[in-house]
Structure formats: structure tokens, C-alpha cells
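The values are calculated or read from the model by the stated rules, or taken from the named source; none is laboratory data. The model shown is predicted, which means the values in this text are computed figures rather than measured ones. Heads up, the Cβs are rebuilt from the backbone with ideal geometry, glycines too, and the neighbour counts pull from every protein chain shown. Quick note on the areas: whole protein, heavy atoms, side chains included, nothing else; ligands and nucleic acids left out. Shrake-Rupley method; radii C 1.70, N 1.55, O 1.52, S 1.80 Å.
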Amino acid sequence: EAQVTQNPRYLITVTGKKLTVTCSQNMNHEYMSWYRQDPGLGLRQIYYSMNVEVTDKGDVPEGYKVSRKEKRNFPLILESPSPNQTSLYFCASSLRGTVSYEQYFGPGTRLTVT
Amino acid sequence: AQSVTQPDIHITVSEGASLELRCNYSYGATPYLFWYVQSPGQGLQLLLKYFSGDTLVQGIKGFEAEFKRSQSSFNLRKPSVHWSDAAEYFCAVGGQAGTALIFGKGTTLSVSS
């Protein structure tokens, strides 16, 4: 089944404790992206990757890191999480990087930073 | 500035009644327009998209949307709502060569029996 998977689905952590949210897709997509969703703000893009070893900042990249060493994986790293990073995070992928290609979204990771 | 406005934060519709969710956009180039649905605890699913051509587009689950360039709108409609349509709906815009989608803040649809 074609899908985007994220792990973990739920995470509660403390301020400053490094964490990684994994994202994997099995569709051989070139483009992958991370969004955060906050009430009343909709989805905002954090980082995106046009292909392996190619990443770039989205609208809200502060406090996050990403890497794209393999085509299928695009982990999101929070080196020192803070409470304002409490949010619902979505990974998405598409065949190519332009918006004409449908983006497929993962199920989301709900992160709470205390 | 590029933006998407969904004026209605929350809408309640009776089951079987018609539905229209509003979306207005501001975009400097030819827009590509999308509607996504997010069911509780789920990721986003594409309902329909408009790139060019016929301004009335059909999507999945019986939804349709109409692009009106003069009004910068892309409203989503459904003739008869089912209880399973209760979800959050997002309108999004992007450019032909763009890589990022700009999302609206979403409209939550509740369906009453």
C-alpha cells in the first residue's frame, strides 16, 4: 500500500531533550516536506526536500533540522525542543517538487513539550 | 502577499442539506488551487484541484468546487451532506512552478442529524 508513515504518532517530552520524528514514504517520491499545524493557523511548512541531499527552509524553520540521506526517509530533528514547538506535525511527499503533483500526507505526530 | 482566507471557522449543517465552504485567495501568478479534508486523527486527503480549463471541478466523495477568477474565490460545494463529511477542510494555493502550498486556516464542518 502506498503510504507515508510517521513515528511516533504521539510524543510527550521535556524542554531541551533532543528528539527525532521519522518520516518514510514507499512511493519513490522525490519531494518531501514537513508541516506543523496549530489551531487557528492552518498548516505551515517547516522544511522541504526536492531530492536526496537537497533541503531548504520553509516558512517556519527556526528550531528544526532535517536531513535527506535516502530518498524514502526525511526525519525531523528538534535539537532542543521548547514549549512553543508543541504542535501537530505532518510529513508529506509528492512525485516531484512542483505543486502540480499531488502531495500525500502522513497521519501526523502530536508533540507536547513541557 | 500570497494568502488564503477561509472566512468561516466553524459551520454546522444538517445531514442531507447542501454545503458551501468559502475560500478566497491572493496570489500574484496563475494559481493552482486545492481543497483538502482532514478527518479526526487522520492526515490530509486531497478532495479536488484546479489548474486550468473548466472552472467547475469535480472531486472525490461528491464534492465540487468552482473557480471564479474575478472574485479570487474557489468555493467548495456538496449538494447533500452525510454525517461522515464531518471534518476539517483546508483550501490551499500554489504556483505553477512553485514548490510550496499556502494553506488557509481551515473550516471545521459539523453535521447535525
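Miscellaneous remarks
- Restricting attention to the range B:89-102, the residues being more than 24 Å from A:Asp56 (Cβ to Cβ) and surrounded by fewer than 21 Cβ atoms within 10 Å (Cβ to Cβ) number 0.
- Selection status of B:Leu33, open to solvent by less than 80 Å² (accessible area, probe 1.4 Å), part of a strand (DSSP E or B), free of Cβ contacts under 8 Å to residues at least 60 places away in the same chain and within 14 Å of chain A (Cβ to nearest Cβ): no
- Annotation: of all residues in the range A:99-114 being out of contact with any Phe, Trp or Tyr (no Cβ under 9 Å at 6 or more places or on another chain) and assigned to a strand (DSSP E or B), the one that is nearest to A:Ile77 (Cα to Cα) is A:Val113.
- Test: A:Ser100 is within 14 Å of chain B (Cβ to nearest Cβ), open to solvent by less than 30 Å² (accessible area, probe 1.4 Å), among the hydroxyl-bearing types (Ser, Thr, Tyr) and under 25 Å from B:Gly94 (Cβ atoms): no
Residues are listed down the side, and each one gets a yes or a no for (1) exposed (fewer than 13 other Cβ atoms within 10 Å of the Cβ); (2) within 12 Å of another protein chain (Cβ to nearest Cβ):
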| position | (1), (2) |
| --- | --- |
| B:Leu46 | no, yes |
| B:Asp54 | yes, no |
| B:Glu66 | no, no |
| B:Asn75 | no, no |
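- Selection within the range A:53-73 - modelled with pLDDT under 95, surrounded by fewer than 16 Cβ atoms within 10 Å (Cβ to Cβ) and in a loop (DSSP other than H, G, I, E, B): A:Glu53, A:Asp59
- Of residues in the range A:38-49 being within 7 Å of chain B (Cβ to nearest Cβ) and surrounded by 17 or more Cβ atoms within 10 Å (Cβ to Cβ), the one farthest from A:Asn28 (Cα to Cα): A:Gly42
- When residues in the range A:6-52 are screened for being of a type outside the set (S, T, N, Q), part of a strand (DSSP E or B) and more than 26 Å from B:Trp35 (Cα to Cα), 5 of them pass.
- Positions within the range A:74-93 being among the hydroxyl-bearing types (Ser, Thr, Tyr), surrounded by fewer than 22 Cβ atoms within 10 Å (Cβ to Cβ) and assigned to a strand (DSSP E or B), in sequence order: A:Ser87
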